[in-house]
Amino acid sequence: MALLEILCYPDPRLHKIARSIEVFDDRLKELVENLSQTMYEAPGVGLAATQVDVHEQLIVIDTSDTRDELLVLINPKIIWQSEEKKSWREGCLSVPDYFDEVTRPDKIVVKAQNVQGEFFELEAEGLMSVCIQHEMDHLIGKVFVEYLSALKKARIKSKMKKRFSS
Ligand code: NI
């Protein structure tokens, strides 16, 4: 197992589009292990492969208090979302120490593959729903701060640049 380096906003590599995963082999298993280990170590409740500069459609999530309910979603697609929306205060391992409100559909149904390549469907609401949507955004090159105003984005960018230039 190895810990992977997490890219920080506004790193341009966070805006790459992830390709779908076709081969479910040992390389993928190792990537899933390293990605989840990196998430647990950070610690965070979710991490997308994009955030460790691997541009493949893979996300890992664990919203449990006990940190032992790992969810691996490969090639995830939202196949249904509720009309009803909710706001949550979101954070991101790629935007350390910054939290802000984002409004998203409250409930979703997602279809994905597991590490063996088997398809499954999952209904999610609350934190799990937010997490899945947030991580899936990473796969299309979108960081949650992009939902915020231009002014807020500019402030975050300058804060992050200062933080990482020293
Ligand atoms: Ni994130």
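Bear in mind these aren't lab numbers, they're just calculated from the coordinates by the rules spelled out. Predicted model, so just to flag it, every value in this text is computed and none were measured. When we count neighbours, we look across all protein chains shown, and the Cβ atoms used for this are built from the backbone with ideal geometry, even at glycine.
Taking the simple approach of a point 7 Å from Cα along Cα-to-Cβ for both residue 159 and residue 77, what is their distance in nm?
It works out to 3.7 nm between the two label points.
Find me the longest stretch of the chain that has none of the exposed GluC sites (Glu not before Pro), where exposed means in a DSSP loop (not H, G, I, E or B) with at most 13 other Cβ atoms within 10 Å.
In short, 119-166.
With an 8 Å Cα cut-off and a minimum separation of 6 or more residues, compute the relative contact order for the chain in percent.
Dividing the mean separation by the residue count of the chain yields 25 percent.
Over all directions, average the projected area of the Cα convex hull of the range 105-164 and note it in nm².
Answer in nm², one decimal: 5.8.
May I ask for the distance between the Cα centers of the range 115-139 and the range 1-74, given as a whole number of Å?
Cα centroid of the range 115-139 versus Cα centroid of the range 1-74: 13 Å apart.
Quick one: putting +1 on the C-beta of Lys and Arg, -1 on the C-beta of Asp and Glu, what dipole do you get for the chain around its Cα centre, in Debye to the nearest 20?
1120
In vacuo Debye scattering of the range 15-56, one point per C-alpha: log10 I(q)/I(0) at q = 0.15, 0.20, 0.30, 0.33 Å⁻¹?
Evaluating at q = 0.15, 0.20, 0.30, 0.33 Å⁻¹ gives log10 I(q)/I(0) of -0.37, -0.64, -1.11, -1.17.
Using a Gaussian network for the chain with springs between C-alpha atoms less than 10 Å apart, which of these wobbles most: 35, 127, 14?
127
Calculate for the chain the 222 nm mean residue ellipticity that helices alone would give, adding -39,500 (n - 2.57) per DSSP H run of length 4 or more and normalising by residue count, nearest 500 deg cm²/dmol.
Estimated from H runs of four or more residues: -9000 deg cm²/dmol.
Ranked by Cβ crowding within 10 angstrom, fewest neighbours first, how are 62, 25, 53 ordered?
25, 53, 62
When every alpha-carbon pair in the chain is counted, what percent end up more than 29 Å apart?
So the pairs more than 29 Å apart make up 15 percent of the total in the chain.
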